[in-house]
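Laboratory data are not the source of any read-out in this text; all were calculated from the coordinates shown. Predicted model only: the values in this text are computed from it and were never measured. Neighbour counts are summed over all protein chains in view; Cβ atoms, including those assigned to glycine, are modelled from backbone coordinates with ideal geometry.
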Amino acid sequence: MGKYFGTDGFRGEANCTLTADHAFKVGRFLGWYYSQLKLRAGLDEPARIIIGKDTRRSSYMLEYSLVGGLVASGADAYLLHVTTTPSVAYVARTDSFDCGIMISASHNPYYDNGIKLINGSGEKMDESVIRLVEAYLDGDLFAFDRHWDELPLAKRERIGRTVDYVAGRNRYVGYLISLGMYSFKGKKIGLDCANGSSWNIAKSVFDALGAKTYVINAEPDGYNINRNAGSTHIEGLQKLVLDKGLDVGFAFDGDADRCLCVDEKGSVITGDHILYICGKYMKEKGLLLGNTVVTTIMSNFGLYKAFDELGIDYAKTKVGDKYVYEHMMLNNNRLGGEQSGHIIFSKHASTGDGILTSLMVMEVMMDKKQTLSELCRGFTFYPQVLKNVRVANKANAQADEDVQAAVAAVAAQLGGSGRILVRESGTEPVIRVMVEAEDHDTCEKYVDQVVEVIRRKGHTV
C-alpha cells in the first residue's frame, strides 16, 4: 500500500484526508500521463477517461475537481454520473477508454469518500501508475526519464472537453440483462440498494427479467448511503423477506461491487456461501477451470471443509478483491471472492459485481429448482468472532513478540478444530483479530486473549 492509495483506492474523510485539491491533482496527472502515452505512440488525440460516482454529497465535488484536472491536462472526461464501480470497469474495457475513475468509499459512511482508479482493461490500476500518482501528489514526480516540478497545462484547442456518457451506463444495464439465462417470472425478489449506486439499476435489471421486485433503501439523499442499509446492515432485508414471503433477497453496498443474500427463511448468505453454491454448480457444469476457487485468508474454515468434501481445490490470497483477481488471471481461474461479498466471475467481469453476483445465484436457483437454503446444504459455517483494535502503528503491533506468542498459543489450543487470524486493515488504522471455532464462546475467549495482550503492550489508541 502507498501513502494515499490502499487496497481499494484513495479513501478518507471528504475535505479532511481526501480533498477537492487532491482530486484536481489526480485528474491533472491522469490527463497528462495518458495524453503523453498517446503522443509517444504517435497518436495525436486526447486521452479518453471515463468517470462514475456514487450518491454521496461529496461525490459531486470530487467529480467536478477531477474533471477540471483532466481537461486542464488535455484529456476528455466522459461522465457516467451515478453508477456502480463494476459499470465503470465494464465501460472502460468495452469502449476502449484509457482508464476509468470511480468516486466512492464503498461501504464506508457518507462523510468518507474515495477515488478508485481502473485501467483500460477494466482492472484495478497498475501499481506502477499508482506510484506515479502518489509521487505527483507529493511534488516529487519522475516520469518519462525526467523530473517534473509541475505538469504543463493544455492550451487553446488542446484543452479537453466533458462528454455526457449515460449511454455507457445503459449499455452496462443491457449487458447484465443479457446474462439472465432464465425468466424470473413468478419469483418474488427483495433488493436492498443501500441508498447507493445500485438504486436506479438493480430494479431495472430484475424487472426486465420478469421478477416481482420489492425494493428498500433506494432513496438516496447524499447522506443516507449505507446508513442502516445494504450488505453491512442486512437486518432490514431479512425483515422484508420474511414479512413479504419472498423467495430471496439481495443486498448491495454503496458502490454495488458487493452482494450478500438472504434466503427464504431469513438467514444471511455470505460471500463464502455464494462461493460454495457457485463453485459446486460450476464444477457440475464443467465450468470451474482448474477445479479451483480463489478465496482470501478471511474465508470461513467451514468453506474449506466443504470444498474438501466436494473435491474442489482452493487458493488463499491476501484480503482484497484486487489480490483475488490477480491470482485468478495468473492461473486462469473462473471464480473467486471474499466473505464480504466481493465475488468475481472472470468470464463475465474484471471486478467484483454485486448485481452480476445476484444474477449468478439466481441462475443456480432456477437451474437446480432449489431454494437458496437448500443450495447451502453441505456447507457448515463455523462460528466466527472478529474484533477490530484501533492501534497507533499497525506494523509495530503485528510484529510485537508478545502478541505473536499469544497468537501462537491460541493456534496450538485450537489445533485442527479452528483457526486464528491477525491482520492489518488495508483501509483503516486497526488490527483485525479473528477466531473461528466450533462454538461462539470459544471464539470470543481466544479473541479476547489476544486483544488484551495488544492493549497491555500499549499499542491501542
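With Cα atoms as the point set, the radius of gyration and Dmax of region 5-169 evaluate to 14.5, 45 Å.
Using all pairs of distinct alpha-carbon atoms, the Kirkwood hydrodynamic radius of region 251-293 works out to 11.7 angstrom.
How many percent of DSSP beta bridges within the chain run antiparallel, rounded to 5? Within the chain, antiparallel bridges account for around 55 percent of the total. Calculated FRET efficiency, N291 to K239, Cβ-Cβ distance, R0 = 51 Å: about 0.85 to the nearest 0.05. Among the listed pairs K188/K305; K124/K185; K116/K285; K244/K369, those whose Cα-Cα separation exceeds 31 Å are K188/K305; K124/K185; K116/K285.
Working note: Debye formula, equal point scatterers on the alpha-carbon atoms of region 188-241, no solvent; log10 I(q)/I(0) at q = 0.19, 0.23 Å⁻¹ is -0.58, -0.82. Separation of region 27-96 and region 343-404, taken as the distance between their Cα centroids, equals 31 angstrom. Rounded to the nearest Å, what's the spacing between the alpha carbon centres of region 195-229 and region 263-303? Just the number, please. Comparing the Cα centres of region 195-229 and region 263-303, I get a distance of 25 Å.
For K445, go through the aspartates and glutamates and keep the ones whose alpha-carbon is under 14 Å away, minus same-chain ones fewer than eight residues off. Once the sequence-local aspartates and glutamates are set aside, what remains near K445 is E436.
If you average over every viewing direction, what projected area does the convex hull of the Cα atoms of region 98-185 give, in nm²? Projected area, direction-averaged: 10.2 nm².
Once the mean of 1/r is taken over each pair of separate Cα atoms and inverted, the chain shows a Kirkwood hydrodynamic radius of 23.0 Å. Over the chain, DSSP H runs of length four or greater, each weighted -39,500 (n - 2.57), average out per residue to a 222 nm ellipticity of -12000 deg cm²/dmol. Just for region 179-375, what percent of DSSP beta bridges are antiparallel, to the closest 5? The answer is about 35 percent antiparallel. The DSSP beta bridges internal to region 5-169 are antiparallel in roughly 50% of cases.
With viscosity 0.890 mPa s and temperature 25 °C, the Kirkwood radius over alpha carbon pairs of region 354-457 converts through Stokes-Einstein to a diffusion coefficient of 155 µm²/s. Straight-line cross-link reach from K155 at under 25 Å between alpha-carbon atoms covers these lysines, not counting any fewer than eight positions away in the same chain: K25, K38. Counting every Cα pair in region 317-382, what percent are over 21 Å apart? Percent of Cα pairs beyond 21 Å in region 317-382: 32. Per-residue extension of 0.36 nm, minus the Cα-Cα distance of V163 and K316, leaves a gain of 50.9 nm for this segment. In region 179-375, the convex hull through the Cα atoms has an average projected area of 10.1 nm², a quarter of its surface area.
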